[in-house]
Every structure is written in C-alpha cells, then in structure tokens.
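First up is the structure itself, then whatever we jot down about it.
The values are calculated or read from the model by the stated rules, or taken from the named source; none is laboratory data. Owing to the predicted nature of the structure, the values given are computational and were not obtained by experimental measurement. Here Cβ is always computed from backbone atoms with ideal geometry, including for glycine, and neighbour counts include all displayed protein chains.
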Amino acid sequence: MGAARTFAPTEGACAQSTPARHAVVVLNPAAGRGTGARRREDLEALLAAEAATRRCPFAWRILETRAPGDAARLARAAAADGADLLVAAGGDGTLSEVVNGIAGSGVRLGIVPLGTGNDFARELGVHASLGRSVHTLIHGVPRRVDLGRAGDRWFINVAGCGFDAAVAARVNRGFRRLRGTTAYLAAVCLELCRLRPTGIAVAVDDRTIEMRGLLCAMANSPSYGGGMRIAPDARIDDGLLDVFLLAEAGRLEFLRAFPRVFRGAHVNHPKVTLLRARRVAVETASPLPVLIDGEVWGTTPMQCHVVPGAIEVMAPASADRTGPR
C-alpha cells in the first residue's frame, strides 16, 4: 500500500494560499494496459522531487487498487483519515470511482492520467505526460467543476442508456484475444447485429420528448470512450447537462455516421437531437442497460441531475502547460 512520506518545509512562505498537506494517490496498476504499474516508480520519484521543494509540510502515499470498487473505497477511507488531496492515477474509470469516494467531503481532487482514454483530464487541460500532470498537482490552481448524479451514483463525464451501454457491457464481458480500441470496435459490430430501436420518453426539465430511439446520453463533459465527442459543446462548469438523443436509424446509416462522433461532426445529423437541462428522467418501453462513466449500472428507468460546482479539482496554471516533462 505504501507508508506516508513527510517532507519538512524549507524557508519562506507557502507557494499556494491553500496548498495540499496530505495527498493520497489511488493508483490503478492495470490502467492503460499496465501503464499504471509500469510508471509507479517514476510517479514516486516525481512526487518526492516536487515535495522536497515545497515550502510547506507535505505528506503523500500511494495506494494501489486490486479490484473494481477499490478506488472508491480507498478514496473514501483516505478522506475520512484526513487527506486533503485525493489523486486518481489511472483512466476515466479510476477517476469516476475516486469521485464517488470523495464527492461531498470537501476533499480536493487531483488527476494523473494513465488510462487509454483520459477524456476528463484532456478537457480540464491536464497534460498526458507524467511530469506535467504531477507538476499540476503541486503547482496548479483549484477549479470548481460540476458533477452529474444518476440515481445514487456520481458521474464526471457521461451517463446514458441504449446502444453505447450495450457495447460497454459487451466489452466488459471481455474478448479472448482483443483489447482496447480493437475490442471496442468488435463490440460495436456485434451489437449492431442486435440493434433494435425502442420507445424512449425523456423528460428534460419542463418538457418531455417521446421517440423511437437507439441512445440517450447526459453529458457533463464533451467526450467519453477515449475521444468520442458525444456532446462537443458541453462544459464542465456551466451548471447544465448536455442531453444527446439518437432516433431510430438503420445499421448502414449508423455505421456511416458513427466515425463522425470522434470529430463532434455528428451533431447536424437529422437523427440527432441535442438539448441542455438541469434534470433529466428517462423511461423506455423495454429495459435498457445504463452506462455511467464507462461502467454498466443497472437498467432504465433512470434519473439524472447536475450539481454545479460539486467538486474542486487541481487544474493547470498557465505555467504548467509548458512545464517539465
């Protein structure tokens, strides 16, 4: 797990008005196809180097996850134990779990992107290089961002139901020889064979839309799934969810339009509707799997709402964008 390491202050005042004094890094060793495990020693060395130059006492430790749910449990326990900075070192799944462990606690969030997608880190401007992301933890600026709430689960990127959730469920069940993007594309092809529209009723604040559709997504951040810009105009601090609806479409039409989502160029397709709302309720004629930040959590019906400024996260200062690698 890792014992806490404490560094004494050097002479002078603290560099930040409210610097972290007790940081806990929740590291997923499986993130990025093993990148988490391979970069642990580098991460420790960078943390030690940054902490040694601090003008305030700074204790940190690294806790590794071993199974789904560990990141939320470890983050929750660390927050209760007095940590004031919880760092998600992994992909968007690890980040989502850490958020669910600390949301509402007042503990600040940090991100070291080690996954294959890292959609939220990219939107926040946290650099993909290990050195720059650690630099942001220590020298960045705290920023208030929104969170979504789907039932009893927080989400930081996207929640939704329908085709994308079915694809995620297929990927999570695993392929014998396929991983990453290849596995995702294989799952898309397999689920297309089962593609069936269903009746969907979506209550968006004070209006209701009924349609036969394939997908409904509520986006706090523009992208998910490693760069699919499902709601390219979504903002993480506007106090709103961007609601994406995909009406009934044939398999060939879907396949032709699908690549456009990676550029955000799908929004003008006639089968796409985009709205903004604070609260969303979804009912479907038959139960559809629900996807919350890349993980399947039950089935419809589902209810979502946004919580403005729900969490504070360390974001890059201007100097971090050209900082050390």
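State whether one or more residues within the stretch 199-215 are touching a residue at least 24 places away in the same chain (Cβ under 8 Å) and farther than 24 Å from Q303 by Cα. Checking the stretch 199-215: not a single residue is touching a residue at least 24 places away in the same chain (Cβ under 8 Å) and farther than 24 Å from Q303 by Cα. None of G131, G91, G101 is in contact with a Gly (Cβ under 9 Å, 6 or more places away or on another chain) and either crowded, with 24+ Cβ neighbours inside 10 Å or assigned by TED's automatic domain parsing to the domain that holds S286 (or both) except G91. L109 falls short on exactly one of the conditions (1) within 27 Å of G34 (Cα to Cα); (2) at pLDDT 95 or above; (3) surrounded by fewer than 20 Cβ atoms within 10 Å (Cβ to Cβ), and that condition is (3). Among the residues examined, R73 does not qualify as in a strand (DSSP E or B), of a type in the set (D, E, K, R) and in the same structural domain as H135 (by TED's automatic domain parsing).
For T208, the stated conditions do not hold, so it cannot be described as surrounded by fewer than 16 Cβ atoms within 10 Å (Cβ to Cβ), modelled with pLDDT under 85 and outside the structural domain of P113 (by TED's automatic domain parsing).
Residues that are within 20 Å of A77 (Cβ to Cβ) and of a type in the set (D, E, K, R) within the stretch 41-66 comprise R61, E64, R66, listed in sequence order.
Please go through the stretch 107-116 and pick out each residue that is of a type outside the set (A, V, I, L, M) and in contact (Cβ under 8 Å) with a residue 40 or more places away in the chain. Correct list: R108, G110, G115, T116.
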